[in-house]
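Trainee: So that we are looking at the same thing, I have put the structure below in structure tokens.
The values are calculated or read from the model by the stated rules, or taken from the named source; none is laboratory data. Every value quoted in this text rests on a predicted model; they were computed, and no experiment measured them. Quick reminder, even Gly has a Cβ in these numbers, built from the backbone with ideal geometry, and neighbours come from all protein chains shown. Quick note on the areas: whole protein, heavy atoms, side chains included, nothing else; ligands and nucleic acids left out. Shrake-Rupley method; radii C 1.70, N 1.55, O 1.52, S 1.80 Å.
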Amino acid sequence: MRITRYSSAGHDEWDKFVDQSKNGVFLFRRDYLEYHADRFPDHSLMFYDGDELLALMPATLSSGVLSSHAGLTFGGMVSNNNMKVGPMLEVFAELVEYVTGQGISRLIYKSVPHIYHRLPAEEDLYALFVNRARLVRRDVSSTVDMKQRLEFSKGRRYALKQAQKHGVNVARSFDFKTFMSIEEQLLVTKYDAKPVHSTAEIEMLAARFPDNIKLFAAHDEETMVAGVIIYESAQVAHTQYVGATETGKKIGALDLIIRYLLDDYYREKKYFDFGTSIEPGGLLNAGLIENKQGFGGRAVVYDFYELDFH
């Protein structure tokens, strides 16, 4: 067993492994990880048994702390169908030896939520337990099981009727610039914050990953009044950005987009995920999660673990 730090020479091998893995998503491909390399110093690792690649770990290193990639919401060990508990324990044993040899003081590990697994892939969670990792954070997302959908809440059904009454049109759009201006205004007004991605970044990423990053917009006549950017993977359609103008909110435009995505565009997906409802500092945004649960979303957790090395 050996560990190699990722370099550009391994680009194709890395991406091919992600594509064939049982728990990898397009976010782990190098062209996504590296778009913000200036902000997040890459220290991704590749684990080999002889010449066979067994696992990948998208990671960053800062101030002596190795982390599941700091530019991603999640991203633990990525493995293929051959990964079993025994080899994963060996992978973690090598990881511990590697980080202590590098003088790294701590590992922050963000596991891949089970909804993204194409096959059961929780060998890493057992290895974390064996190595006495601590669960230090748990964010809660709202996810719809598309094979067992629940009815919309009364409030969501009312909003849908308003959108239908106003003749709102919903369709896929490529006008990311207009939508991101709506999102920016919403975040500034409500949270005094900015989107994680700039307009230029989201346009660039959507061009790199047209099958994975999609915008769906609602128009009142010719005016965009709401939109949803979806990050799509094999198992999950995830709402990366959701935003509406004041008019869009009043006429239920977002509700109509969500219904279109659930009833039509993503009806064959396994899961539809609305993302976490956690404020900076770790507090639950009760109003936000109640809204997501109104569409039939139920709790899926995003877990963070820590291992200290002294």
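Trainee: Which number in (1) out of contact with any strand residue (DSSP E or B) (no Cβ under 7 Å at 6 or more places or on another chain); (2) modelled with pLDDT of 95 or more marks the one condition that Phe47 misses?
Mentor: (1)
Trainee: Could you say which residue among Glu184, Glu221 is touching a Lys or Arg at 6+ places or on another chain (Cβ under 9 Å), open to solvent by 20 Å² or more (accessible area, probe 1.4 Å) and of a type in the set (D, E, K, R)? Write out each step before concluding.
Mentor: Values: Glu221 fails: touching a Lys or Arg at 6+ places or on another chain (Cβ under 9 Å).
Step by step, each of Glu184, Glu221 is checked, and only Glu184 is touching a Lys or Arg at 6+ places or on another chain (Cβ under 9 Å), open to solvent by 20 Å² or more (accessible area, probe 1.4 Å) and of a type in the set (D, E, K, R).
Trainee: Looking only at region 1-27, filter to residues that are without any contact (Cβ under 8 Å) to a residue 24 or more places away in the chain and under 18 Å from the mean Cα position of the chain (by Cα); which one of those is farthest from Met46 (Cα to Cα)?
Mentor: That would be Asp19.
Trainee: Right, another one. For Glu34, work out the one condition from (1) modelled with pLDDT of 95 or more; (2) open to solvent by 50 Å² or more (accessible area, probe 1.4 Å) it doesn't fulfil.
Mentor: Here Glu34 meets the rest and fails (1).
Trainee: Determine if region 170-181 includes at least one residue that is modelled with pLDDT of 95 or more, in contact with a Lys or Arg (Cβ under 9 Å, 6 or more places away or on another chain) and buried (at least 19 other Cβ atoms within 10 Å of the Cβ).
Mentor: yes
Trainee: Can I ask one more? Residues that are at pLDDT 95 or above, within 19 Å of Ser153 (Cα to Cα), buried (at least 19 other Cβ atoms within 10 Å of the Cβ) and of a type in the set (Asp, Glu): does region 225-244 have at least one?
Mentor: No, region 225-244 has no match at all.
Trainee: For region 262-308, give me each residue that is open to solvent by less than 70 Å² (accessible area, probe 1.4 Å), among the charged types (D, E, K, R) and touching a residue at least 24 places away in the same chain (Cβ under 8 Å).
Mentor: Within region 262-308, the first condition is being open to solvent by less than 70 Å² (accessible area, probe 1.4 Å), and the residues that meet it are 262-263, 266, 269, 271-279, 282, 285-289, 291-297, 300-308.
From what is left, the residues that are among the charged types (D, E, K, R) are 263, 269, 273, 279, 292, 303, 306, 308.
Across region 262-308, the qualifying residues are Lys269, Asp273, Lys292, Asp303, Glu306, Asp308.
Trainee: Within region 188-200, restricting attention to residues that are open to solvent by less than 80 Å² (accessible area, probe 1.4 Å) and over 19 Å from Phe216 (Cβ atoms), which residue is modelled with the lowest pLDDT? Spell out the reasoning first.
Mentor: Step one: list which residues in region 188-200 are open to solvent by less than 80 Å² (accessible area, probe 1.4 Å), which gives 188, 193, 195, 197-200.
Still in the list and also over 19 Å from Phe216 (Cβ atoms): 188, 193, 198, 200.
On the way: Val188: 83, Ala193: 80, Ser198: 92, Ala200: 95.
Among those that are open to solvent by less than 80 Å² (accessible area, probe 1.4 Å) and over 19 Å from Phe216 (Cβ atoms), it is Ala193.
Trainee: Collect the residues in region 156-169 that are open to solvent by less than 40 Å² (accessible area, probe 1.4 Å) and touching a strand residue (DSSP E or B) at 6+ places or on another chain (Cβ under 7 Å), keeping them in residue-number order.
Mentor: Result: Val168, single match.
Trainee: Quick one: which of Ser153, Ser105, Ser142 is in contact with a helix residue (DSSP H, G or I) (Cβ under 7 Å, 6 or more places away or on another chain) and either open to solvent by 40 Å² or more (accessible area, probe 1.4 Å) or closer than 29 Å to Gly287 by Cα (or both)?
Mentor: Among Ser153, Ser105, Ser142, only Ser142 is in contact with a helix residue (DSSP H, G or I) (Cβ under 7 Å, 6 or more places away or on another chain) and either open to solvent by 40 Å² or more (accessible area, probe 1.4 Å) or closer than 29 Å to Gly287 by Cα (or both).
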